[in-house]
Structures are given as structure tokens and as C-alpha cells.
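Chemist: Starting off with a structure, shown below.
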Amino acid sequence: MALHITTHGDIDQIIVTSLSRDFVRKIYRHCWGKNNTPYFAGNCFRGVLYFDERLAAKYAEDLGLAWNGWLSAPKFLHRTGACYEHGLTLGVDAGQGPRTLAVGGLAVVEERPRLDDFLSRLGENEVLCLLGAVDKGEMHFSLPDFEGPFDPEKLAVRVERLTDLYCEEALVAGLAYDGRTLSMETGQSRGKNMIDPLLVGPDGKLLDMYDFA
């Protein structure tokens, strides 16, 4: 008998990378030239990083750098997981008919990536950058040699909180049943909303466009 669990809700894809300060400055200067308000300049910056690979690649090339899109950036951290606190539910199939669980009452094991661990990896004239997308979709977990009956008190959720990185997202990084880790894979998703890029200086302070003027 196998245990199958499917998450229903939002899915986050998050990467933490480094960007050249001069690269960021080039994009912001372009955006200020097109838009004379912080709101529109911020939207422009986000659009160039996520969608205008051609323009971003040109600015990178001008600096002797390479840019092949945000998902291809060198990664200090790369996570894909269900959003833990956005109305997430679990569909459980343990061979006794499907049932639905809310994650609120389940045991939780928390992990919190530390900002200092990433700042120590920055090169000269680099800033830390968090990028990501939120989809509507599913994650699938399975335990092939499960022996029932299913007991929700034996299920634990491993949650990765990104609050130390100035991000409020919390991701389901895994499930365990009775101490055994379930395998995980991404299911279908629909729609995509991009997370506003977060920039952090080597001193650990959150940056905005005025820091690149």
C-alpha cells in the first residue's frame, strides 16, 4: 500500500542569488529614464529582471557579465514548495478513501535560512537578490511502502521560513510520516505572479532604488 498526499493552494519558487551593483544601477537608470515616479520605475525594474531578458542581457554584457534570465542566475538558494500559510490543504489517499486535512493542526519542523550565510558569499561590488514566482498549483508527496491505517498525528510538515531574508513566504519543504520522508514532485500549476525583487547590501540592510542613484 502507498500513501499519497497532494497539496492544494499556492506554490512558491524562490531563488537567492547575487547581482552586480553596477548591473542593478544600469537597469534602474533605464527605468528612471522611462518613468518619473518610484512606483513605475519599480515596476519597470521588476519587468526587466523577470521578462526582458534581451535588455537585461545587453546591460550585463556591457559590464562583461552574463545574463540568461532570472531562473538561470547562479543560486545560493533555490526552493520550490507549497505556500504554508495561504489556505493550504492536503488531500490524503492512504487506500481507505480520500480525505482532506488542514495543515494548521499538524506537527511542524521549522527551518530558517540565515541572511549572514548568504552575505558571506557575496563578491566585491555585489548585492544579494531574492527573486521568485507564486503559482496556483499542486505538490505531490508519496510513501510507497506505507502500512495503514493513516494517523494524522504521525504526519509532520517541514517548513522553511524566509523571514530572515526580508521575505514573508514560508514554504513546505517536505513531509514526513512516522519519521520517514515522503518523496516530492511538482504537479500542475496555472497562472503566475512574480514576487517583487528584494535587494540586500553586504551590511545586511534592505536596499531600494535610491541606493543605486
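The values are calculated or read from the model by the stated rules, or taken from the named source; none is laboratory data. The structure displayed is predicted, hence computed values, not measured ones. Heads up, the Cβs are rebuilt from the backbone with ideal geometry, glycines too, and the neighbour counts pull from every protein chain shown. Accessible surface areas use protein heavy atoms only, side chains included; no ligands, DNA or RNA. Shrake-Rupley method; radii C 1.70, N 1.55, O 1.52, S 1.80 Å.
Chemist: Taking the criterion of being assigned to a strand (DSSP E or B), surrounded by fewer than 17 Cβ atoms within 10 Å (Cβ to Cβ), in contact with an Asp or Glu (Cβ under 9 Å, 6 or more places away or on another chain) and touching a residue at least 40 places away in the same chain (Cβ under 8 Å), would at least one residue in region 172-180 satisfy it?
Modeler: no
Chemist: Ok, one more. In region 112-124, what residues are open to solvent by 70 Å² or more (accessible area, probe 1.4 Å) and either under 13 Å from residue 159 (Cβ atoms) or not in a loop (DSSP other than H, G, I, E, B) (or both)?
Modeler: Of the residues in region 112-124, the ones open to solvent by 70 Å² or more (accessible area, probe 1.4 Å) are 112, 114, 116-117, 120-121, 124.
Within region 112-124, 112, 116, 117 qualify.
Chemist: Further question: Output the residues belonging to region 125-153 that are assigned to a loop (DSSP other than H, G, I, E, B) and either modelled with pLDDT of 95 or more or within 15 Å of the chain's Cα centre (by Cα) (or both).
Modeler: If the condition is that a residue be assigned to a loop (DSSP other than H, G, I, E, B) and either modelled with pLDDT of 95 or more or within 15 Å of the chain's Cα centre (by Cα) (or both), then 125 is the only one that fits.
So that you can scan it fast, the table gives a plain yes or no per residue for (1) among the charged types (D, E, K, R); (2) touching a residue at least 60 places away in the same chain (Cβ under 8 Å); (3) in contact with a strand residue (DSSP E or B) (Cβ under 7 Å, 6 or more places away or on another chain):
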position	(1), (2), (3)
97	no, no, no
106	no, no, yes
124	yes, no, no
130	no, yes, yes
151	yes, no, no
163	no, no, no
185	yes, no, yes
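Chemist: May I pose another question? I'd like to know if region 82-104 contains one or more residues that are in contact with a helix residue (DSSP H, G or I) (Cβ under 6 Å, 6 or more places away or on another chain) and open to solvent by 30 Å² or more (accessible area, probe 1.4 Å).
Modeler: The answer is no; no qualifying residue exists.
Chemist: Going by the structure shown, is residue 167 in a loop (DSSP other than H, G, I, E, B) and surrounded by 18 or more Cβ atoms within 10 Å (Cβ to Cβ)?
Modeler: yes
Chemist: Something else about it: Taking the condition of being assigned to a helix (DSSP H, G or I), modelled with pLDDT of 95 or more and of a type in the set (A, V, I, L, M, F, W, C), how many residues in region 1-43 meet it?
Modeler: Final tally of qualifying residues: 3.
Chemist: While we're here: State the number of residues belonging to region 89-119 that are among the polar types (S, T, N, Q) and under 23 Å from the mean Cα position of the chain (by Cα).
Modeler: Of the residues in that region, 1 qualify.
Chemist: Continuing with the same structure: Look through 10, 22, 62 and report the one residue that is touching a Cys at 6+ places or on another chain (Cβ under 9 Å) and among the charged types (D, E, K, R).
Modeler: Numbers: 22 fails: touching a Cys at 6+ places or on another chain (Cβ under 9 Å); 62 fails: touching a Cys at 6+ places or on another chain (Cβ under 9 Å).
That would be 10, the only listed residue that is touching a Cys at 6+ places or on another chain (Cβ under 9 Å) and among the charged types (D, E, K, R).
Chemist: Before we move on, is residue 69 at positive phi, open to solvent by 20 Å² or more (accessible area, probe 1.4 Å) and either touching a Phe, Trp or Tyr at 6+ places or on another chain (Cβ under 7 Å) or not acidic (Asp, Glu) (or both)?
Modeler: no
Chemist: Looking only at region 39-50, count how many residues are more than 21 Å from residue 76 (Cβ to Cβ), touching a residue at least 60 places away in the same chain (Cβ under 8 Å) and open to solvent by 20 Å² or more (accessible area, probe 1.4 Å).
Modeler: Step one: list which residues in region 39-50 are more than 21 Å from residue 76 (Cβ to Cβ), which gives 39-44, 47-48.
Then drop every residue that is not touching a residue at least 60 places away in the same chain (Cβ under 8 Å), which leaves 41-42.
Filter once more, keeping what is open to solvent by 20 Å² or more (accessible area, probe 1.4 Å): 42.
So the count comes out to 1.
Chemist: For region 19-38: of the residues being under 17 Å from residue 50 (Cβ atoms) and of a type outside the set (A, V, I, L, M, F, W, C), which is surrounded by the fewest Cβ atoms within 10 Å (Cβ to Cβ)?
Modeler: Among them, the one singled out is 34.
Chemist: Just to be sure before I move on: is residue 60 open to solvent by less than 20 Å² (accessible area, probe 1.4 Å), assigned to a helix (DSSP H, G or I) and more than 24 Å from residue 121 (Cα to Cα) in the structure I sent?
Modeler: Criteria not met by residue 60.
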